[in-house]
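Read through the structure below, which is laid out as structure tokens, and then see the notes.
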Amino acid sequence: MARKRPHHGNTRRGSSKGPRKQRRTVSGILRVLHPGSAVVETAEGTFDVTRSGIREAMSGDEVSVFLVGGKRPGQGKLAVVDSVLNRATHTLLGRFELAGPLGAVVPLDNRLCHDFFVVPEDTSPARLGVAPGDIVAARIVEYPTPYTAAVVTLDRRVGSADELDMNIESVIASHGLACDFAPSTLAEAEAISADAGAALAADPRRRDLRDVLCMTIDPADARDFDDAVGARERADGGFDLDVHIADVTHYLPWGSSMDLEARARTCSVYLVDRVLPMLPERLCNDVCSLRPGEDRLAMTVRMRLDERGRVVSARACTSAIRSNARLCYDEADALLNGTAAFSDLPVVDPAEAEDVAAALRTLDRIRALREALRRARGAIDFETREAKVTLDADGHPTGVRVRNRTRATGLVEEAMLLANECVAKILADAEIPCAYRVHEQPAADDLRRTVAPLDELGLLAPGDAAALMAGEPVAVQAILERARGTRGEYLASALLLRAQRRAVYLPHNDGHYALGAAAYCHFTSPIRRYPDDVVHRALKAHLAGKDGCPEQRAVERVLPQLCNDCSRMERTADAAARDSQKIKMAELYAGRIGHREAGVVSGCERFGVFICLDETCADGLLPVRSLGNEWFEYDEKRLTLTGAETGETWGLGRRVVVEVAAVDIPRGRIDFRLPAK
């Protein structure tokens, strides 16, 4: 690999022909999407960066750019970096190599797009015992210029390529995810104790609900439990529903080291083989986790529902609780489906098993009522399947677990949705700024693109197209209902889901289109989402009658930027999680080359069709060259490929048997071919 040696000299742009003509510049944040592709986010909008326009900037830098006209017809303005105003990257992970007398660090983050060198007089490689091929943490001491390469020094040896899963490490680095906590943050966390009794004694407003029955219901492999639920039937036919959420902000003072770290991360990241938590483990899995039989602090929403599941009243309070049982979804479903008895439930006190079972059945009744009410008001439920690759102790894939929505997952979801709505209404009615969850109606053009493929699947009735393009939730509901149980069930959901705008966090309430909610926020996962902590702080200030208290005013001053950061990092975390799953899925199928698999066409492009496999939900490409020795016409509206000679059409929903042809593990890619006849 040819590399330029660092050179220190004149770094001024320009030439002897005279001063360069002044261009109007704008400033913004550079986001490198992948090598050779970047955008810059400015106050005037987001602009694509020309292929050579990144220059010496790196992803995340604040840059000054000038705008030029696009070369293709209809192409908007393009950006070219003029100068770097503020650097975002100060350290990086990379593979250490030798380049003559120099050391070289090849970044695992392929968005950095620059060479990084260790100069001969730097003793850090020898001092740390670094060998070629080792992964190292490096600190930038000189940034690149037009005439010199970047210089780094090594801070620590992370490990050898044999000791690490390099593909997953590359995902972490490429998305700029934080792994380790600062020593000051860990020290703060270790000094904390739960001490619910002291909190109750110190705050007369905190309710003691430790004798009120509740339970946690989570996946079997969950380690942090940030929500607990309880329900009782009332004599008038209605219900009492309690949702208890871990009181994280009690232990997370605004501006503390832990808070600043959580604010920078904004969310936990769930990769295929690990969790990169927002908070130190001491809080996540211990102090804030609502573990069974242990006193824990909570934020509680107590809701009274009528016999149809409608909210009669909702009150929020700080509380102390004690969970009576920790159930996994399979255990809850077994009881609800009649394949297990209440005596089989893993409760803290066996004498309470029947009461826990009764509460679970009541929660299931509430689920059914709330689902019907949400459908009636226009909420849209997309049918999805969540596929997760299972790994052995060494991180090698062993199979795939596909999780569908069940009664147990549904009852928890409905309880959380309702608690989020009630808290959002309390805050919105009081006109309190917080991190509201806002989802706008989809654009007509995005919905229009779904009409032809939905028609191809046979899912449109007369009048559906116009109603769909108008964004009428009833039309979307009708199509999804018509698709249920057909070959197009998950494809219709995927098409309509892709047409939706992405929900974001905003400091004001604008409602939630897909949920049909006038006000909505995230309140129920403060261990793993920072917006929930923002909502908790606002709710506490409101309950205490101190809406103008210094802490709340401090939150509100940074709230717009905080909401923007949380929305952006949520997208980053989702992308990293998907990339890690794809890598392990490709690794799994590397051992199945030549195997035949049944699947369905889930997407179509000029270069081929995408196949989603039935057994694992793995996605892969069936290239157009594999479809036959003829020209295939691509219909962009209907998302089909049609053979010019045979007239054979490949479109969404078509059933197919394919063979696994090849995999590209680092890119998480699987290629298919048609079996030989």
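Okay, here's what the table says:
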{"item": "Of all residues making up segment 203-216, the number that are at pLDDT 95 or above and either out of contact with any helix residue (DSSP H, G or I) (no Cβ under 9 Å at 6 or more places or on another chain) or polar (S, T, N, Q) (or both)", "result": "4"}
{"item": "Test: residue in segment 498-510 that is in contact (Cβ under 8 Å) with a residue 24 or more places away in the chain and buried (at least 24 other Cβ atoms within 10 Å of the Cβ)", "result": "yes"}
{"item": "Residue count, segment 644-660 (criterion: at pLDDT below 95, farther than 20 Å from G458 by Cα and in contact with a strand residue (DSSP E or B) (Cβ under 9 Å, 6 or more places away or on another chain))", "result": "1"}
{"item": "Among residues of segment 301-339, those that are at negative phi, part of a loop (DSSP other than H, G, I, E, B) and buried (at least 19 other Cβ atoms within 10 Å of the Cβ), counted", "result": "1"}
{"item": "V40 vs. criteria closer than 27 Å to A575 by Cα, surrounded by 13 or more Cβ atoms within 10 Å (Cβ to Cβ) and touching a Lys or Arg at 6+ places or on another chain (Cβ under 8 Å)", "result": "yes"}
{"item": "Unique match (being touching a residue at least 40 places away in the same chain (Cβ under 8 Å), outside any strand (DSSP E or B) and small (G, A, S)) among A262, A298, A231", "result": "A262"}
{"item": "Conditions (1) in contact with a Gly (Cβ under 8 Å, 6 or more places away or on another chain); (2) at pLDDT 90 or above; (3) closer than 30 Å to L641 by Cβ; number of the one not met by E456", "result": "(2)"}
{"item": "Qualifying residue in segment 461-484 (condition: outside the structural domain of L562 (by TED's automatic domain parsing), crowded, with 19+ Cβ neighbours inside 10 Å and touching a strand residue (DSSP E or B) at 6+ places or on another chain (Cβ under 9 Å))", "result": "no"}
{"item": "Failed item in (1) in contact (Cβ under 8 Å) with a residue 60 or more places away in the chain; (2) within 26 Å of D579 (Cβ to Cβ); (3) surrounded by 18 or more Cβ atoms within 10 Å (Cβ to Cβ), with F117 passing the rest", "result": "(2)"}
{"item": "So E169, is it outside any strand (DSSP E or B) and in the same structural domain as I245 (by TED's automatic domain parsing)", "result": "no"}
{"item": "Residue match in segment 64-83 (condition: in contact with a strand residue (DSSP E or B) (Cβ under 9 Å, 6 or more places away or on another chain), at pLDDT 80 or above and closer than 14 Å to Y143 by Cα)", "result": "yes"}
{"item": "Qualifying strands (runs of 3 or more DSSP E) (wholly inside segment 37-143; at least 2 residues being within 29 Å of V158 (Cβ to Cβ) and under 33 Å from the mean Cα position of the chain (by Cα))", "result": "37-42, 78-86, 91-99, 102-107, 135-142"}
{"item": "Flag for T646 being over 31 Å from the mean Cα position of the chain (by Cα) and either touching a residue at least 60 places away in the same chain (Cβ under 8 Å) or outside any loop (DSSP other than H, G, I, E, B) (or both)", "result": "no"}
{"item": "Selection status of E414, assigned by TED's automatic domain parsing to the domain that holds E331, at pLDDT 90 or above and surrounded by 21 or more Cβ atoms within 10 Å (Cβ to Cβ)", "result": "yes"}
{"item": "Segment 340-357 - residue that is under 22 Å from D240 (Cβ atoms) and touching a helix residue (DSSP H, G or I) at 6+ places or on another chain (Cβ under 8 Å) and, of those, surrounded by the fewest Cβ atoms within 10 Å (Cβ to Cβ)", "result": "E354"}
{"item": "Total residues in segment 591-610, condition surrounded by 15 or more Cβ atoms within 10 Å (Cβ to Cβ) and hydrophobic (A, V, I, L, M, F, W, C)", "result": "5"}
{"item": "Criterion: under 30 Å from Q581 (Cβ atoms) and at pLDDT below 95 - qualifying residue of C284, C267, C288", "result": "C284"}
{"item": "Only one of R487, R498, R482 that is part of a loop (DSSP other than H, G, I, E, B) and modelled with pLDDT under 95", "result": "R487"}
{"item": "Residues being more than 16 Å from P623 (Cα to Cα) and buried (at least 16 other Cβ atoms within 10 Å of the Cβ) - total across segment 636-662", "result": "2"}
{"item": "Residue match in segment 424-437 (condition: farther than 25 Å from V243 by Cα, in a helix (DSSP H, G or I) and not aliphatic (A, V, I, L, M))", "result": "no"}
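This table checks each residue for (1) crowded, with 17+ Cβ neighbours inside 10 Å; (2) of a type in the set (D, E, K, R); (3) touching a residue at least 40 places away in the same chain (Cβ under 8 Å).
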residue: A138; (1), (2), (3): yes, no, yes
residue: L154; (1), (2), (3): yes, no, yes
residue: S160; (1), (2), (3): no, no, no
residue: N167; (1), (2), (3): yes, no, yes
residue: S184; (1), (2), (3): no, no, yes
residue: D195; (1), (2), (3): no, yes, no
residue: D203; (1), (2), (3): no, yes, yes
residue: T216; (1), (2), (3): yes, no, yes
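Here's the yes/no breakdown for (1) of a type in the set (D, E); (2) at pLDDT below 95; (3) out of contact with any strand residue (DSSP E or B) (no Cβ under 7 Å at 6 or more places or on another chain); (4) not in a helix (DSSP H, G or I):
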{"site": "T572", "(1), (2), (3), (4)": "no, yes, yes, no"}
{"site": "A590", "(1), (2), (3), (4)": "no, no, no, no"}
{"site": "C604", "(1), (2), (3), (4)": "no, yes, no, yes"}
{"site": "I611", "(1), (2), (3), (4)": "no, no, no, yes"}
{"site": "N629", "(1), (2), (3), (4)": "no, yes, yes, yes"}
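The values are calculated or read from the model by the stated rules, or taken from the named source; none is laboratory data. The structure presented is a predicted model; accordingly, all values stated were derived computationally and were not measured. So basically every Cβ, Gly included, is an ideal-geometry build from the backbone, and we count neighbours across all protein chains shown.
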